[in-house]
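This report concerns only the one structure given below.
Only the coordinates and a few stated rules stand behind these numbers; no lab work does. Since we're looking at a predicted model, the values are computed, not measured. Cβ: placed from backbone, ideal geometry, glycine included. Neighbour counts: every protein chain shown.
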DNA sequence: TATGCGATATTCT
DNA sequence: GAATATCGCATAG
């Protein structure tokens, strides 16, 4: 299957999905953030399957002052310290869940924030969960992504490389060029270019200059 | 299109 | 009591 990054039309037939094995995931946080662009996030629950293509990520590597684990482990951060390929989900701003993919070795608190998806399957259920139907905005931004996929604290700690309610799949078609920028919405280490996205993809969040 | 602001829950100081 | 890896609405241009 071939597809342009700026094509907003729905994909007719769901592409076959192959689950990613942990061994395929880069260990290093920044490598993983780049690697995940173009891969698929799959959600399966009682309402069926929803999936989306990852088009934007941010790396929060070990020692980064804006990373949650910077001040050491706390109970809430437990899953952030899991072996790579697990979900770290937390709630913030009184309104939004954030979904991260853990990175590095077990015992190291680091991860990759999933910031935006290009919706593929289960779009009606995403619309239902989001309470709006503009396809471009369904999963554009980390809080929206979690809402569209029905991700909440119950997903915290889930193994994304195993069959279950939430998992990762290989890219169904070649991705476009990857862009790189500073991260969005942080107050420390603001100059590190640790945000990655598919260039020109209309489902990427952030101001225009950060999408080209 | 761009910017500003309030809402709201949880965690850590 | 402060801060927060945000969102959606309001208002202005």
Next item on the list: Out of the residues in the range A:111-143 that are within 8 Å of DNA strand C (Cβ to nearest atom) and over 11 Å from the mean Cα position of the chain (by Cα), state the one that is surrounded by the most Cβ atoms within 10 Å (Cβ to Cβ).
Entry: A:130
Check: Within the bounds of the range A:91-99, is there any residue that is in a strand (DSSP E or B), buried (at least 24 other Cβ atoms within 10 Å of the Cβ) and touching a helix residue (DSSP H, G or I) at 6+ places or on another chain (Cβ under 8 Å)?
Finding: yes
Note to self: When the residues of the range A:65-87 are narrowed to those that are under 19 Å from the mean Cα position of the chain (by Cα), within 12 Å of DNA strand C (Cβ to nearest atom) and part of a loop (DSSP other than H, G, I, E, B), which ends up surrounded by the fewest Cβ atoms within 10 Å (Cβ to Cβ)?
What the structure shows: A:66
Next item on the list: Please identify the pairs in which a residue from the range A:57-82 that is touching a residue at least 12 places away in the same chain (Cβ under 8 Å) and farther than 18 Å from residue A:33 by Cα has its Cβ atom under 9 Å from the Cβ atom of a residue that is within 13 Å of DNA strand B (Cβ to nearest atom) and part of a helix (DSSP H, G or I), counting only partners at least 6 apart or on another chain.
Entry: A:73/A:80; A:73/A:81; A:76/A:68; A:77/A:68; A:77/A:69
Next item on the list: Scan A:191, A:152 and give me the residue that is under 16 Å from the mean Cα position of the chain (by Cα) and farther than 18 Å from residue A:38 by Cβ.
Entry: A:152
Notebook entry, point to check: Restricted to the range A:25-50, and to residues that are over 27 Å from residue A:211 (Cα atoms) and touching a residue at least 40 places away in the same chain (Cβ under 8 Å), which residue is surrounded by the fewest Cβ atoms within 10 Å (Cβ to Cβ)?
Noted result: A:48
Next item on the list: Taking residue A:68 as the residue in question, decide whether it is within 16 Å of DNA strand B (Cβ to nearest atom) and either at positive phi or touching a strand residue (DSSP E or B) at 6+ places or on another chain (Cβ under 9 Å) (or both).
Entry: yes
Check: Looking at the range A:87-122, which of the residues that are out of contact with any strand residue (DSSP E or B) (no Cβ under 8 Å at 6 or more places or on another chain) and in contact (Cβ under 8 Å) with a residue 60 or more places away in the chain is farthest from DNA strand B (Cβ to nearest atom)?
Finding: A:105
